[in-house]
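Student: This is the structure I want to talk about, given as structure tokens.
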Amino acid sequence: MNTEISLSPHEIPRQWLNIAPDLPGPKNPPLTANGIPLNPENLQLIFPQSLIEQEISTKRWIDIPQDILEVLSLWRPTPLKRAVNLEKILDTPARIYFKDESVSPPGSHKPNTAVAQAYYNHKEQVKCLTTETGAGQWGSALAFACAKFKLKCQVYMVNISYHQKPLRKTLMKIWGAHCLASPSDTTEFGRTIRNQHPESPGSLGIAISEALEKAMEDKSGETKYSLGSVLNMVMMHQSVIGLEAKKQLAKLGEAKVDTVIGCVGGGSNFAGLSFPYLLDKIHGEQIEIIPVEPTSCPTLTRGPYCYDFGDSAGMTPLLAMHSLGHQFIPAPIHAGGLRYHGMAPLVSQAVQAGLLSPQAFPQLQCYQAAVQFAFAEGIVVAPETSHALAAVIEQAEKAKKLGKPRVILFNLSGHGMLDLNAYEDYLNGKLTDHRLSPEKLNKSLEALSNFPKPECLINTG
Ligand SMILES: Cc1ncc(COP(=O)(O)O)c(C=O)c1O
């Protein structure tokens, strides 16, 4: 039985898929803090023009420049594999496939957009990129991409992860980037947070504010900001994942996928795999598409659809998205990349249109799933990815109960070889589940009470 399909280098997609023009429902534009629609020119301080154009593009397909394809071809196309051993252990009639994004140099899907963003900045004479990182996967991906295009790179790493994952810093250093713990003393916002909460574990929202402040401080325009998720253009850069997966499944003779699953922090690896399938769903196909998040940071399952800032300091435009409130500080789980208060507007819009079925899982169930997968298939996945696995196993068990041979596809968004201390803690019984109390959530949402409200469809999901 053929259980792995690798495409040849010339089969890397030549165009990205932009789902924006096809998504049903009101298009709630980004707003300024005063509630008026944002003029895209206001973004020029932080992004190069070509990325701004992609962010607001209404074209379904956008060509990938040759220079980007050349760097992507260092590890793309990525393999698509069938998890036959997991199927056997679960004794399920389901056929489980995964797209292995862990084979990239930094070990995750993140360089798919990092390379594109570094390329366009380099083309527009930018010399330095600032960014945030949670668990360090995005920071190391951008460090790698900046090394490819000879840009400097300054990374604000969420404090708790900075100490939990020291080797991610080494990886960033190898590729020439500078990494600081956030909140730091190099920005006004970082200093304010440190004064108020000297022990702050940090959050992605705080680190984004610091990276933005640093980029805007440079009036020469040679420093810009780069974001590893959430934005429309990032979802689009990641679409190579799902476009490749479709070709690979077709080669394996799988004409139809029943369930597509990915973990969600800001939404990018999930969107990358699922949006090509979402396009089919919008045009009539029956596919269940499941974004999976931690119960400790349940943005899609418990956060309202609202206008909110993308960062803690309120420096970004107001985005229409599911959110837990921009000052929300999630519990310090090891899946640092999922500790984000907001969600990509495109993923949020798809949830609103009833096209996605979000689920949340507690961390112990996720580690249990990850260890089971490592036993079965040999791959130790990133703590973020373990959330997708918890949902995959649940779906495979459901298929067994129903006696249905469903086809399940999930994104293996990254490996966990630099997260082994998280597994050590899990195996030593040191991890617990965190449930977000309604009081903490309501308190955090109070800050949004005076913000404009996005237009909504009636959710039929
Ligand atoms: C391996 C991995 N998976 C998933 C995520 C979540 O991010 P996103 O939702 O943008 O894919 C991250 C973020 O750092 C990550 O490192």
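FYI, it's all coordinate maths here, none of it is from the lab. Just so it is clear, the structure is predicted and the values come from calculations on it, not from any experiment. Don't worry about glycine lacking a Cβ; one is built from the backbone with ideal geometry, like all the others, and counts go over all protein chains shown.
Student: Set the Förster radius R0 to 25 Å, insert the Cβ-Cβ distance between residue 288 and residue 453 as r into 1/(1 + (r/R0)^6), and round the FRET efficiency to 0.05.
Tutor: So the FRET efficiency works out to roughly 0.30.
Student: With 10 angstrom as the radius, rank 366, 456 by how many other C-beta atoms surround their C-beta, starting from the fewest.
Tutor: The fewest-first ordering by Cβ neighbours comes to 456, 366.
Student: Give, as a single signed number, the net charge of other residues whose beta carbon lies under 15 Å from the beta carbon of residue 110, with Lys and Arg counted +1 and Asp and Glu -1.
Tutor: Local net charge: 0.
Student: Number of Lys pairs in region 168-251 with C-alpha atoms less than 20 angstrom apart, excluding same-chain neighbours closer than eight positions?
Tutor: Counting lysine pairs in region 168-251 gives 4.
Student: Give me the Kirkwood hydrodynamic radius of region 217-308 in Å, from all C-alpha pairs, to one decimal place?
Tutor: Computed over region 217-308, the radius equals 15.2 Å.
Student: Right, next: Taking H placed 1.01 Å from N in the peptide plane, check which residues at least 5 places from residue 415 or on another chain put their amide H under 5 Å from its amide H.
Tutor: Answer set, sorted by chain and number: 382.
Student: Kindly write out, for region 20-37 in residue order, the coupling ³J(HN,Hα) from the Karplus curve 6.51 cos²θ - 1.76 cosθ + 1.60 (θ = phi - 60°), rounded to whole Hz, with x marking Gly and Pro.
Tutor: Per-residue couplings from phi come out as 3, x, 9, 6, x, x, x, 8, 7, x, x, 10, 6, 4, 8, x, 9, x Hz.
Student: Stretch residue 430-residue 85 to full length: gain in nm at 0.36 nm per residue minus the Cα-Cα span?
Tutor: The span from residue 430 to residue 85 would gain 121.3 nm if fully extended.
Student: Can you give the FRET efficiency to the nearest 0.05 for residue 222 and residue 357, using r as the Cβ-Cβ distance and R₀ = 56 Å?
Tutor: 0.80
Student: Ok, one more. Specify the inter-centroid distance of region 1-16 and region 235-292, based on alpha-carbon positions, in whole Å.
Tutor: Going from one Cα centre to the other spans 15 Å.
Student: For region 209-269, how big is the tail of P(r) above 20 Å, as a whole percent of Cα pairs?
Tutor: Of all Cα-Cα pairs in region 209-269, 50 percent lie more than 20 Å apart.
Student: With the alpha-carbon atoms as the only input, what is the per residue convex hull volume for region 133-290 in Å³?
Tutor: Normalising the Cα hull of region 133-290 by residue number yields 144 Å³.
Student: Run through the DSSP bridge list for the chain and note the antiparallel percent, rounded to the nearest 5.
Tutor: Of all bridge pairs located within the chain, approximately 35 percent are antiparallel.
Student: Another question about this same structure. For region 313-416, what is one quarter of the convex hull surface built on the Cα atoms, given in nm²?
Tutor: Approximately 8.2 nm², given one-decimal rounding.
Student: Separation between the residue 250 and residue 173 pseudo-spin-labels, each 7 Å from Cα along Cα→Cβ, expressed in nm?
Tutor: 4.7
Student: Also: Amide H of residue 410 versus every other amide H placed in the peptide plane: which residues, excluding those fewer than 5 positions away on the same chain, fall under 5 Å?
Tutor: Long-range HN contacts for residue 410: 97, 98, 99, 261.
Student: Next up: In nm², what is the average projected area of the convex hull enclosing the Cα atoms of region 93-193?
Tutor: Mean projected area of the Cα convex hull: 8.4 nm².
Student: How far is the Cα center of region 34-105 from the Cα center of region 315-381, in Å?
Tutor: When both Cα centres are located, 17 Å separates them.
Student: May I pose another question? Where Lys and Arg each count +1 and Asp and Glu each count -1, what net charge lies around residue 307 among other residues with Cβ under 13 Å from its Cβ?
Tutor: Summing Lys and Arg as +1 and Asp and Glu as -1 gives -1.
Student: Can you show me the helix-derived [θ] at 222 nm for the chain, built from DSSP H runs with n ≥ 4 at -39,500 (n - 2.57) apiece and divided by the number of residues, rounded to the nearest 500.
Tutor: Mean residue ellipticity, 222 nm, calculated: -11500 deg cm²/dmol.
Student: Tally Lys/Arg at +1 and Asp/Glu at -1 over every other residue whose Cβ is under 13 Å from the Cβ of residue 61; what's the total?
Tutor: Summing Lys and Arg as +1 and Asp and Glu as -1 gives +1.
Student: Further, regarding this structure: What number, in nm² with one decimal, is the all-direction average of the projected area of the convex hull of the alpha-carbon atoms of the chain?
Tutor: 20.0
Student: Right, next: Give a residue-ordered list of calculated ³J(HN,Hα) values for region 218-224 (Karplus: 6.51 cos²θ - 1.76 cosθ + 1.60, θ = phi - 60°; whole Hz; x for Gly, Pro).
Tutor: In residue order, the calculated couplings are 7, 6, 6, x, 8, 10, 10 Hz.
Student: Provide the per-residue ³J(HN,Hα) series for region 121-129, in order, calculated from phi with Karplus coefficients 6.51, -1.76, 1.60 and θ = phi - 60°, each as a whole number of Hz, with x at glycine and proline positions.
Tutor: For region 121-129, the Karplus curve yields 5, 4, 5, 9, 6, 6, 10, 9, 10 Hz.
Student: Just want the ordering: 219, 224, 110, from fewest to most Cβ atoms lying within 10 Å of their own Cβ.
Tutor: Least crowded to most crowded, the residues run 219, 224, 110.
Student: With both partners inside region 253-389, how many of the DSSP beta bridges are antiparallel, as a percent to the nearest 5?
Tutor: Around 40 percent of the beta bridges assigned by DSSP in region 253-389 are antiparallel ones.
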